[in-house]
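Peer 1: Before I ask anything, here is the structure I am working with.
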């Protein structure tokens, strides 16, 4: 077991071994496809585990119901959350064809029957509503809200993963949205991470 795999298993020792094995299989797929496709600028296995896998896993307690991951890219955080929550319906959405092909291959290899991969833009019309909509370094908070609210179910929440505390973005939110901010702690990552939880004013979960 190499250092990257050890790091993954140690940081997520509290979850079942088969689940950790799937996360590592996904990591290996990401590394393999990254040799031919530019799925992520990070190519070091240890950095991918810390900056992508463990970072994405840090919000798992906040997801519930039906999940849409917008601008999912290589499946971050959506694929990681789907592996950690096999009982939850997950849709991974992105407009990039090569990333969509990678995700569909991973869904097949990992036998993730509860995951749907969709090539589209979040602004596209859609009648499906979601309880949780996640994004990671996808857009400003205001742009995310404007693009995603038509897909959010009553009482649903938008989860925006950010690095440093986004003070300016929070000030630009429209009055009909309320925000909660959580400081995230990610193993083996000495950088600021924040989760911004957006919901409609007056909405009850």
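Peer 1: Checking residue 165 against (1) modelled with pLDDT of 95 or more; (2) farther than 21 Å from residue 39 by Cβ; (3) surrounded by 15 or more Cβ atoms within 10 Å (Cβ to Cβ), which single condition isn't satisfied?
Peer 2: (3)
Peer 1: What are the residues in segment 113-161 that are under 16 Å from the mean Cα position of the chain (by Cα), under 30 Å from residue 18 (Cα atoms), in a loop (DSSP other than H, G, I, E, B) and modelled with pLDDT of 90 or more, if any?
Peer 2: Within segment 113-161, 114 is the sole residue that qualifies.
Peer 1: Within segment 20-40, track down each residue that is assigned to a helix (DSSP H, G or I) and either more than 19 Å from residue 188 (Cβ to Cβ) or touching a strand residue (DSSP E or B) at 6+ places or on another chain (Cβ under 8 Å) (or both).
Peer 2: Matches in segment 20-40: 21, 22, 25, 29, 32, 33, 34.
Peer 1: Something else: Mind listing whichever residues of segment 119-138 are surrounded by fewer than 19 Cβ atoms within 10 Å (Cβ to Cβ) and over 18 Å from residue 56 (Cβ atoms)?
Peer 2: 119, 120, 121, 123, 124, 125, 126, 127, 128, 129
Peer 1: Take the residues of segment 60-79 that are closer than 14 Å to residue 104 by Cα and part of a helix (DSSP H, G or I): which is nearest to the chain's Cα centre (by Cα)?
Peer 2: 78
Peer 1: Would you call residue 84 under 15 Å from the mean Cα position of the chain (by Cα) and under 23 Å from residue 41 (Cβ atoms)?
Peer 2: no
The values are calculated or read from the model by the stated rules, or taken from the named source; none is laboratory data. Model, not experiment: these values are computed from the prediction. With ideal geometry, Cβ positions are generated from the backbone for all residues, glycine too; neighbour counts draw on all protein chains shown.
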